[in-house]
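Colleague: I have a structure I would like to understand better, so I am pasting it below and will then ask my questions one at a time.
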Amino acid sequence: MPIPAEHPILTDGVVTLRAPRPDDVQGQTERQREDPDRGFDEDDARRWIGYGIADAWAKHERLVFIVEYQGRYAGSASLEPDLNGNARVHYGLSAWARSAGVASRSVRLLLEFGFTTCRFHVIHWWARVGNWPSRRVAWATGFHLGETIPELAEEHGRRVDAWTGWIGPKDPRKPQRPWFVHPVLETPRLRLRTWRTDEIPRITTARTNQATAHFLPFVPQPFTAEDARFWLKDMAEQAAAGRRFNWCVADAETDQGLGNLTLFGIHRDEVRDGELGYWLHPDAQGRGVMAEAIERVAQWYFASEHDGGFGGRRLFIRTAASNTAARRTAEKAGFRLAGTERDAFPLSTRLDGKVTYDLLAADLTG
């Protein structure tokens, strides 16, 4: 690979990537203090800035740049070449420089350098599962997100699962798909928000019951705390992949979780259709809670993006023909029966008919 002998200066007019300077030691030290688990001290920072970065560059082991923002040390970004003509990207910022787009700008500069100057074929990224800031940067800079690999890396003496991604020289340096950010939606009685991890007991009790076992036989019974943690992680990952919104339907006064409403099967092309699924905790049933929540989501879904909505065209609800509670909820929320498929909905003991309800934007104003 044609790696230059010395650091070039890379800049987009806001962020600059450059070689280390002696006055970066203080910034490096402060950044290391923000993550004491790494076990680095001021002497380590002095060695790294003083000669460690230059040595790694000379040996082509790691091409490390200092990130400069607002005229001061803000972190570092690097490429780690491999024997196949590819590289892995690394980046990290001081706390004061985060949430300002600095990491994304740095990675874009690094990608241009890696592909144009060094002529790497592919640049890889991976991060520990749960490192959402790193994943957000990879998403924003155009990485294709790949498989989650179990126990890919070691962190603090234990093996951890990792998200993975890659990008090629011809890929645009912008998101490949949307990242859904849940709006908080409210009615006089309800607040629709994301679930919290301290609500796992509430989720497990809501999902462990005979009705769920009958109508949704793929849901584990009993629904354990481990199942709930996996489900919350999966919902977050599906939102990050632009595939699903998932709200906790909470009491507006007490903030207690009453149930769950999910929007999935979303098409953001010319069709813009989506499907709703829902469930309620037993102590919240019979009060019209879910129909009210569905009506609020429908208002947001059909509103234009200019007005803070999703700009959708049609919503569907599909359920078993014999699921009278789910059907009453759909009808109370204004959905119309669109059709029935015979023997198309698997229950725990047999096949049932699958009923489809739909709602158009015009139905809300008609």
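Colleague: In segment 263-366, which helices (runs of 4 or more DSSP H) lie fully inside it and hold 1 or more residues that are modelled with pLDDT of 95 or more and more than 26 Å from ALA236 (Cα to Cα)?
Modeller: Here the list reads 324-332.
Colleague: Residues in segment 77-94 that are charged (D, E, K, R) and either closer than 20 Å to GLN26 by Cα or in a strand (DSSP E or B) (or both): how many?
Modeller: The total comes to 2.
Colleague: Among (1) open to solvent by less than 60 Å² (accessible area, probe 1.4 Å); (2) out of contact with any Gly (no Cβ under 8 Å at 6 or more places or on another chain); (3) part of a strand (DSSP E or B), which single condition is ALA74 missing?
Modeller: Failed condition: (2).
Colleague: Tell me the residue from LEU364, LEU276, LEU263, LEU351 that is under 28 Å from PRO178 (Cα atoms) and open to solvent by 50 Å² or more (accessible area, probe 1.4 Å), please. Give the derivation first.
Modeller: Values: LEU276 fails: open to solvent by 50 Å² or more (accessible area, probe 1.4 Å); LEU263 fails: open to solvent by 50 Å² or more (accessible area, probe 1.4 Å); LEU351 fails: under 28 Å from PRO178 (Cα atoms).
When all the criteria are applied, what remains is LEU364.
Colleague: A further question on this structure: Just need a number here: residues in segment 287-320 that are farther than 22 Å from VAL355 by Cα, in contact with a helix residue (DSSP H, G or I) (Cβ under 7 Å, 6 or more places away or on another chain), free of Cβ contacts under 8 Å to residues at least 60 places away in the same chain and hydrophobic (A, V, I, L, M, F, W, C).
Modeller: Adding up the residues that qualify gives 1.
Colleague: Which one of these is buried (at least 16 other Cβ atoms within 10 Å of the Cβ) and acidic (Asp, Glu): GLU199, GLU226?
Modeller: On the way: GLU226 fails: buried (at least 16 other Cβ atoms within 10 Å of the Cβ).
Testing whether each residue is buried (at least 16 other Cβ atoms within 10 Å of the Cβ) and acidic (Asp, Glu) leaves just GLU199.
Colleague: Looking at segment 116-128 only, could you name the residues that are farther than 18 Å from ALA140 by Cα and surrounded by fewer than 23 Cβ atoms within 10 Å (Cβ to Cβ)? Step through it out loud before you land on a result.
Modeller: Within segment 116-128, the first condition is being farther than 18 Å from ALA140 by Cα, and the residues that meet it are 116-121.
Result: THR116, THR117, CYS118, ARG119, HIS121.
Colleague: Take the residues in segment 77-88 that are closer than 18 Å to ALA127 by Cα and in contact (Cβ under 8 Å) with a residue 40 or more places away in the chain; name whichever of them is most open to solvent (accessible area, probe 1.4 Å).
Modeller: Looking at the filtered set, the residue picked out is PRO81.
Colleague: For segment 14-61, which positions are of a type in the set (A, V, I, L, M, F, W, C), within 32 Å of the chain's Cα centre (by Cα) and farther than 23 Å from GLY157 by Cα?
Modeller: VAL14, VAL15, LEU17
Colleague: In segment 199-234, which residues are part of a loop (DSSP other than H, G, I, E, B) and touching an Asp or Glu at 6+ places or on another chain (Cβ under 8 Å)?
Modeller: Matches in segment 199-234: PRO220 only.
Colleague: Only one of (1) closer than 21 Å to TRP163 by Cβ; (2) not in a strand (DSSP E or B) fails for GLN32. Which number is that?
Modeller: Result: GLN32 passes all but (1).
The values are calculated or read from the model by the stated rules, or taken from the named source; none is laboratory data. Because the structure is a prediction, the values reported are computed rather than measured. All Cβ positions, even for glycine, are placed from backbone atoms using ideal geometry, and neighbour counts span all protein chains on display. Ligands, DNA and RNA are stripped out before the accessible areas are found, and what is left, the full protein with its side chains, is counted by its heavy atoms. Shrake-Rupley method; radii C 1.70, N 1.55, O 1.52, S 1.80 Å.
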